[in-house]
Amino acid sequence: MGDVSGWVSPDLLDRVRDRLAGSSEPPTAARLADAIRTESGGVLGDTDLLAALHLLDTEFTGAGPLDALLHDPGVSDVLVTSASHVWVDRGSGLQRASVTFADEAAVRRLAQRLALSAGRRLDDAQPWVDGRLPGVGAGSFGVRLHAVLAPVAQGGTCLSLRVLRPATQGLDALARAGAVAPDALVLLRRMMAARLAFLVVGGTGAGKTTMLAALLGEVDHAERIICVEDAAELAPNHPHVVRLVARAPNVEGVGEVTVRDLVRQALRMRPDRIVVGEVRGGEVVDLLTAMNTGHDGGAGTVHANSTDEVPARLEALAALGGLDRAALHSQLAAAVQVVLHVHRHATGSRRLVQIAVVGRAADGLVTITPAWDGTENPPGVDRLEAMLRSREDLS
């Protein structure tokens, strides 16, 4: 907890913490000082007051002991599994951090304060939370918060923090970094110019959002892009982007704005292209509908470990939106032409590993066939070329 002297006892600090935790107002420096004076009966000298204020300010502002990790530009994730186990991801797998907490209660206090900062409730009656912290971390888009309290998390309160950094790199930058092969780069540029609708798929941390933002930077500057996201990450290098971000309900359970709500609003905003940062639920129905109503070149990302998994993954998401299997395959075949697969290797590098085309089999179900994967003449290459030429001939 740190060294304190004089009247600044651990019991006093605990009473101040309890007073601040019981308030819905943010723990500003002025409120910290007032709480310390009140709980000490006004008998603290200036030196002791400053010592207590410094100690509690570290705990109650920013992310406390995790602040330095979240401000490290190389860190993407900070994970707390117990008071003595803090892990970070710097792009090459999880590493143990030197940061520790005094005890389980300190982790719990931090989780509850961060939840309050995100406008969410976290207590024994609601032992988990998912939210966003706009003023924390080195990323200009803040930090995504997830927390689970003990005893639901049996090893102790579990905190998962992801730094949301804007995805701004262009295709040329990705190519220089080795994330896009030269022949794939040519195909991607033709695909964007031909206004083919596409999905970017991959696992967690594979670079889906980065790839999507880079492709959107290739869109003609005369076009208007409406981006809908659950957490703001897309920042394509394009002069006309409107970004709509979903909002979780507040502590009273009201005020929620879903991605599905925003996709419907985007349709009324004169879009040239509608983009969903990550399709996670029933909004897939509205996205496919939008792509089938004259909005060519739409896009989104989907969590899937291969292109083969995409139909099954979308079937599950469409069911949440009330769309049955046959209808989903019909909409998907008409709406999406290309699927891009990005992969994160064990070394931490992220690469585009496949460009595939969407087709439809005799039974009506969607098929996804590789058209580029670094090998010679994959089975879908002729179909992709035919699609590109037909659009190029119309332009």
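Nothing in this text is a laboratory measurement; each read-out follows from the coordinates by a stated rule. For clarity, every value in this text was computed on a predicted model and none was experimentally measured. For neighbour counting, all protein chains shown are included, and Cβ atoms are generated from backbone atoms with ideal geometry for every residue, glycine included.
Work out the length of the dipole vector of segment 211-310 about its Cα centre, built from +1 on the beta-carbon of each Lys and Arg and -1 on the beta-carbon of each Asp and Glu, and round it to the nearest 20 debye.
Values: 9 positive and 16 negative charges, 76 e Å.
Once rounded to the nearest 20, the dipole reads 360 debye.
Mean projection of the alpha-carbon convex hull of segment 165-260 over all orientations, in nm²?
On the way: hull surface 29.7 nm².
Approximately 7.4 nm², given one-decimal rounding.
Can you give the local net charge around residue 263? Use residues other than it whose beta-carbon is closer than 10 angstrom to its beta-carbon, Lys and Arg +1, Asp and Glu -1.
Numbers: positive: 260, 264; negative: 261, 283, 286.
My count for the surroundings of residue 263 gives -1.
At 1.567 mPa s and 4 °C, plugging the Kirkwood radius over alpha-carbon pairs of segment 218-305 into Stokes-Einstein gives what diffusion coefficient in µm²/s?
Numbers: Rh = 13.4 Å.
Here the translational diffusion coefficient equals 97 µm²/s.
Thinking of the chain as a set of Cα atoms, what percent of all their pairs are more than 28 Å apart?
Numbers: 41437 of 77815 pairs.
In whole percent, the long-distance tail amounts to 53.
Mean Kyte-Doolittle of at least -1.0 plus a Cα span of 27 Å or more along the axis: flag which DSSP H helices in the chain meet both, please.
Working: long enough: none.
The qualifying helices: there are none.
Percent antiparallel among DSSP beta bridges with both residues in the chain, to the nearest 5?
Working: 38 of 59 bridges.
Roughly 65 percent of the DSSP beta bridges within the chain come out antiparallel.
How high is the relative contact order of segment 302-362, given as a whole-number percent (alpha carbon pairs under 8 Å, six or more residues apart)? Spell out each step's value before the answer.
Details: 52 pairs, mean separation 15.8, N = 61.
Relative contact order here is 26 percent.
Considering only 291, 227, 146, whose Cα is most displaced toward the positive end of the charge dipole of the chain, charges sitting on Cβ of Lys, Arg (+1) and Asp, Glu (-1)?
291
When the helices in the chain are scored as -39500 (n - 2.57) per DSSP H run of 4 or longer and the sum is shared across all residues, what 222 nm value do you end up with, to the nearest 500 deg cm²/dmol? List each step's numbers first, then the result.
On the way: 13 runs with 137 residues, N = 395.
Computed ellipticity for the chain at 222 nm equals -10500 deg cm²/dmol.
What span do the alpha-carbon atoms of segment 171-394 cover on each of the three principal axes, reported in whole Å from largest to smallest?
Projected onto its principal axes, the Cα set of segment 171-394 covers 57, 42, 41 Å.
Taking every pair of alpha-carbon atoms in segment 64-163, what share in percent sits in each 5 Å bin, from 0 to the bin with the longest distance?
3, 15, 26, 26, 20, 9, 2, 0
Can you give the FRET efficiency for residue 222 and residue 377, using 1/(1 + (r/R0)^6), R0 = 30 Å, r = Cβ-Cβ distance, to the nearest 0.05?
Values: r = 36 Å, r/R0 = 1.20.
Efficiency at R0 = 30 Å is approximately 0.25.
Could you size up the charge dipole of the chain around its Cα centre, putting +1 on the beta carbon of Lys and Arg and -1 on that of Asp and Glu, and report it in debye to the nearest 20?
Numbers: 39 positive and 47 negative charges, 141 e Å.
Rounded to the nearest 20 debye, it is 680 debye.
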